[in-house]
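Here's the structure, in structure tokens; my notes come after.
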Amino acid sequence: MEFSTIIKQAHSGVAYLALIFLVIVVINAFAGMSGNKEFTEKDRKLGLFGLIFTHIQLLLGLILYFVSPMVQSMGVAMKDSTMRLYALEHPLINIIAIVLITIGWSKHKKTADSKGKFKKFAIFYTLGLILILSRIPWKMWLPSLFA
Ligand code: HEM
């Protein structure tokens, strides 16, 4: 199998893990905030997994950007909205999203109280998740949903 195919399949697979954990962190953060719950080790671990999988996805995405045959045909890409999504919007917006998630992670560490920690996750992970969801090439990823 070609290198670019292996990386693409890994990027398609890790996408599930990254999204699942981001959704869980966001729901958990809002629940913790509104229920005035104590921020425990379980809450920290969830945030950490969300961070780790998005960073793995960033790494795979960066490699993919340089080896993907799809992106290499960039010359004509900008005229076509699907190609523009792959070549420009998806990478750019997702990098911004992952930066926001990383900021949320480091801000939660500097915050002492439970409510503040949940709030940092609620704000930054939610923003990151919304940005990521807005630029996923859904039809390419889950074609069966659109059949
Ligand atoms: C958490 C963040 C991200 C998620 C959830 C995500 C998810 C996805 C998904 C679901 C696809 C479609 C795969 C398929 O067709 O089966 C895709 C394609 C792609 N992604 Fe990402 N991605 C993320 C971040 C990034 C970043 C940061 C980059 C680049 C720096 C990137 C570069 C690419 C490229 C180049 C493709 C198209 C590859 C091809 O079809 O040859 N992604 N991504």
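The values are calculated or read from the model by the stated rules, or taken from the named source; none is laboratory data. As the structure is a prediction and not an experimental result, all values here were calculated from the model. When we count neighbours, we look across all protein chains shown, and the Cβ atoms used for this are built from the backbone with ideal geometry, even at glycine. Surface accessibility is based on the protein's heavy atoms, side chains included, excluding ligands, DNA and RNA. Shrake-Rupley method; radii C 1.70, N 1.55, O 1.52, S 1.80 Å.
Need pairs with beta-carbon distance below 9 Å; first residue over 14 Å from Gln57 (Cβ atoms) and charged (D, E, K, R) and within region 88-107, second assigned to a helix (DSSP H, G or I) and open to solvent by 30 Å² or more (accessible area, probe 1.4 Å); sequence gap 6+ or separate chains.
Once the first residue is over 14 Å from Gln57 (Cβ atoms) and charged (D, E, K, R) and sits in region 88-107, its partners that are assigned to a helix (DSSP H, G or I) and open to solvent by 30 Å² or more (accessible area, probe 1.4 Å) give Glu89/Ser134; Lys107/Lys117; Lys107/Lys120; Lys107/Ile123; Lys107/Phe124.
Residues that are of a type in the set (Val, Ile, Thr), open to solvent by 80 Å² or more (accessible area, probe 1.4 Å) and within 19 Å of Tyr125 (Cβ to Cβ): does region 85-108 have at least one?
Yes.
Could you list, in sequence order, the residues of region 34-58 that are without any contact (Cβ under 8 Å) to a residue 60 or more places away in the chain, not in a helix (DSSP H, G or I) and not hydroxyl-bearing (Ser, Thr, Tyr)?
Correct list: Gly35 only.
Yes or no: region 62-78 includes at least one residue that is away from the ligand (no atom under 11 Å from the Cβ) and under 15 Å from Leu129 (Cα atoms).
No: region 62-78 contains no residue that is away from the ligand (no atom under 11 Å from the Cβ) and under 15 Å from Leu129 (Cα atoms).
Given (1) within 25 Å of Phe121 (Cβ to Cβ); (2) within 14 Å of the chain's Cα centre (by Cα), identify the lone condition not met by Gly32.
The number of the failed condition is (2).
Answer yes or no: is there a residue in region 108-131 that is farther than 16 Å from Phe21 by Cα, part of a helix (DSSP H, G or I) and within 16 Å of the ligand (Cβ to nearest atom).
no
For region 72-80, does any single residue satisfy the condition of being open to solvent by 40 Å² or more (accessible area, probe 1.4 Å) and not in a helix (DSSP H, G or I)?
yes
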